[in-house]
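Below: the structure, in structure tokens.
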Amino acid sequence: MTTLINGKETGQKIQQQIKLEVNALKNKGIEPCLAVILVGDDPASQVYVRNKKRTCGELGILSLEHKLPSQTSQDDLEGLVKKLNEDSSVHGILCQFPLPQGLNEERVIHTISTDKDVDGLHPFNVGLLATGKPRFISCTPWGVMQLLKHAGIDTEGKHAVVLGRSNLVGRPLSILLSEKSANCTVTVCHSRTKNLASVTSQADILVAAIGRPEYVTADMVKPGAVVIDVGINRIEDPSAAKGSRLVGDVAFETAAEKAEAITPVPGGVGPMTIAMLMANTVNAARIQNGLEPMEI
Ligand code: NAP
């Protein structure tokens, strides 16, 4: 029978641990604080920021929201980041992407202090990850690794195929899976990969992070594989109350029949991403106060 890998449950479990850690830090006079910058009025970004703020509140983490109009200049945006870098009461800084057209995300990432880079996107932190000494790991790839660990999936010597090579998900995840702590043999696929199905069919662990609704079909899945679906895509569905619904990058129903274990969308990787953002924020507060990062 196929196992459903429940990210909601695992995410909550991790959040409980973080809540205890937040209380312990508060007893030491340290109040973890996350500053979130939202530029413009992209509806999906507004939802993401609201969820992050709510979770901070539930865990006792202080969240400061900086809402900027879509006409904000690059200089003003970077100026705000620099101000937050210098504010010792702020431990983590997150700028919600995508930014409105005309603003350069890479320059913003480079401006964030490497000690406050809770999204783990600064080249310094990516470099630490790539050299096997991770400090702040991008939240979604870290969430996937935690999900595998908590689901008791043995990764040792397994062939992991990662679909997608973005800086946010695919690339850091491929590094994590190849780390000595996971010991996978990793293949990374992208839009120019030839004979994709023949590659994915060899995967013991198949991760889809391409942003293509239900693209990975059952014929691309090896019988008994573990399938992790990172994709979040909204598709039209007249039968749904909102007229649309969320699906992943994997055709869940049919792929689940072949997989040994699979994550649902929603309720799979999504809740893990937010849990790991909270963990990175607490770790930022710990590091800035001379403490070791917490173990999860
Ligand atoms: P992205 O930056 O657009 O990158 C997509 C990657 O997929 C690229 O490397 C692209 O290849 C590759 N790709 C696109 N079409 C492909 C195809 N037909 N076959 C093979 N590879 C293909 O996207 P992202 O930011 O990594 O996000 C990926 C998905 O994960 C999206 O659905 C996003 O919403 C979701 N996501 C979910 C979470 C979460 O918390 N669950 C967090 C972040 C993202 P090229 O490099 O050749 O263009």
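The values are calculated or read from the model by the stated rules, or taken from the named source; none is laboratory data. This is a predicted model, so every value here is computed, not measured. No Cβ is skipped: glycine too gets one built from the backbone with ideal geometry, and neighbour counts run over all protein chains shown.
The set of residues in the stretch 18-48 being farther than 16 Å from Leu277 by Cβ, of a type in the set (S, T, N, Q) and within 22 Å of the chain's Cα centre (by Cα) consists of Gln46 alone.
Out of Ile232, Ile210, report the one residue that is of a type outside the set (Lys, Arg) and in contact with a Pro (Cβ under 8 Å, 6 or more places away or on another chain).
Ile232
Would you be able to say whether some residue in the stretch 188-201 is touching a residue at least 60 places away in the same chain (Cβ under 8 Å) and either outside any helix (DSSP H, G or I) or within 12 Å of the ligand (Cβ to nearest atom) (or both)? No, the stretch 188-201 contains no residue that is touching a residue at least 60 places away in the same chain (Cβ under 8 Å) and either outside any helix (DSSP H, G or I) or within 12 Å of the ligand (Cβ to nearest atom) (or both). Going by the structure shown, is Ile205 under 16 Å from Val250 (Cβ atoms) and away from the ligand (no atom under 16 Å from the Cβ)? So Ile205 fits the description; yes. Scanning the stretch 128-145 for residues that are without any contact (Cβ under 8 Å) to a residue 12 or more places away in the chain, crowded, with 17+ Cβ neighbours inside 10 Å and of a type in the set (D, E, K, R) yields a count of 0.
Of the numbered criteria (1) of a type in the set (A, V, I, L, M, F, W, C); (2) out of contact with any Lys or Arg (no Cβ under 6 Å at 6 or more places or on another chain); (3) assigned to a strand (DSSP E or B); (4) surrounded by 15 or more Cβ atoms within 10 Å (Cβ to Cβ), the one Ile235 fails is (4). Close Cβ contacts (under 9 Å, 6 or more residues apart or on different chains) running from residues in the stretch 59-74 that are surrounded by fewer than 15 Cβ atoms within 10 Å (Cβ to Cβ) to residues that are polar (S, T, N, Q) comprise Ser70/Gln101; Gln74/Asn104. Of the helices (runs of 4 or more DSSP H) lying entirely inside the stretch 88-156, the ones with 3 or more residues being farther than 24 Å from Ile37 by Cα, at pLDDT 95 or above and in contact with a strand residue (DSSP E or B) (Cβ under 8 Å, 6 or more places away or on another chain) are found at 139-150. As for the stretch 157-165, it holds no residue that is free of Cβ contacts under 8 Å to residues at least 24 places away in the same chain, within 14 Å of the ligand (Cβ to nearest atom) and within 22 Å of Val126 (Cα to Cα).
Among the residues of the stretch 117-128, those that are more than 16 Å from the ligand (Cβ to nearest atom) and either under 30 Å from Glu9 (Cβ atoms) or aliphatic (A, V, I, L, M) (or both) comprise Asp117, Asn125, Leu128.
Checking the stated criteria, Val161 turns out to be modelled with pLDDT of 95 or more, among the hydrophobic types (A, V, I, L, M, F, W, C) and more than 28 Å from Lys67 (Cα to Cα). Restricting attention to the stretch 52-83, the residues being touching a helix residue (DSSP H, G or I) at 6+ places or on another chain (Cβ under 6 Å), within 14 Å of Ile274 (Cβ to Cβ) and in a helix (DSSP H, G or I) number 2. All of Leu25, Leu77 fail the test of being buried (at least 20 other Cβ atoms within 10 Å of the Cβ) and within 22 Å of Glu295 (Cβ to Cβ), apart from Leu25. In the set (1) in the same structural domain as Val207 (by TED's automatic domain parsing); (2) without any contact (Cβ under 8 Å) to a residue 24 or more places away in the chain; (3) buried (at least 21 other Cβ atoms within 10 Å of the Cβ); (4) not aliphatic (A, V, I, L, M), the condition left unmet by Asn125 is number (1).
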